[in-house]
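Below is one structure; the comments refer to it alone.
Just so it is clear, none of the values below were taken in a lab; they were calculated from the coordinates. The model shown is predicted, which means the values in this text are computed figures rather than measured ones. Don't worry about glycine lacking a Cβ; one is built from the backbone with ideal geometry, like all the others, and counts go over all protein chains shown.
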Amino acid sequence: MIAALTLPVALSTPGQELLLRRATLADLDALMALLADDPISASRGDQAQESDLPAYERALADLIDDPANEILLVVDAAQAVVATMQLTRIPGMARRGSTRLLVEAVRVSSALRSGGVGTAMMRWVTDVAAPATGSSIVQLTSDEARVDAHRFYERLGFVGSHRGFKYAVDAPPRQAR
């Protein structure tokens, strides 16, 4: 189970000590700001607008309540949120019943990119979270426009092995909790 992960944990970067912890509903504004800080996310509508608060609040509450998911934050010494990622544990039948750990929505504050934060996060995922959740595969997707991110993941040992596809569905609005 993902909920069995021992958190918070210290993450070391060349410039500072950080803390990786679970997100709470009190972190919602910081999460929205991190999404909006990313140009690709912002172009898809993640602009941290007040009118979007209910949708993000429902999504965060659902993720917090789901034992197969974790929304994690990285905070600095002043407790400012500087990065985030979502982990999802996916049991499967393929590869002799392998469990996958899916990493999604990795965002590092633009002021701290290329400073080791992402490396520390992903090393924790591969070295600690994957074994702790019984996952034999760590996988992620990355928008084709994120060329720098692709180099980053390859440098960490990830292999571009598959081509992903998406299909947008007009879903009914999610109900308030």
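The table below gives the values:
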{"read-out": "Spin-label pair SER110/SER98, simplified geometry with 7 Å Cα→Cβ offset, distance in nm", "value": "3.7"}
{"read-out": "Within a Gaussian network of the chain (alpha carbon springs, distance under 10 Å), most fluctuating of ARG163, ARG155, ARG113", "value": "ARG163"}
{"read-out": "Shape call, the chain: gyration tensor on alpha carbons, a/c limit 1.5", "value": "rounded"}
{"read-out": "Selection from ALA4, LEU34, MET85 lying farthest towards where the dipole of the chain points positive, charges on Cβ", "value": "ALA4"}
{"read-out": "Base-10 log of normalised Debye intensity for region 5-59 (one unit scatterer per alpha-carbon) at q = 0.30 Å⁻¹", "value": "-1.09"}
{"read-out": "Value of relative contact order over the chain, rounded to a whole percent, pairs C-alpha under 8 Å and six or more apart", "value": "21"}
{"read-out": "Calculated [θ] (222 nm, deg cm²/dmol) that DSSP helices of n ≥ 4 give over the chain, each run adding -39,500 (n - 2.57)", "value": "-7500 deg cm²/dmol"}
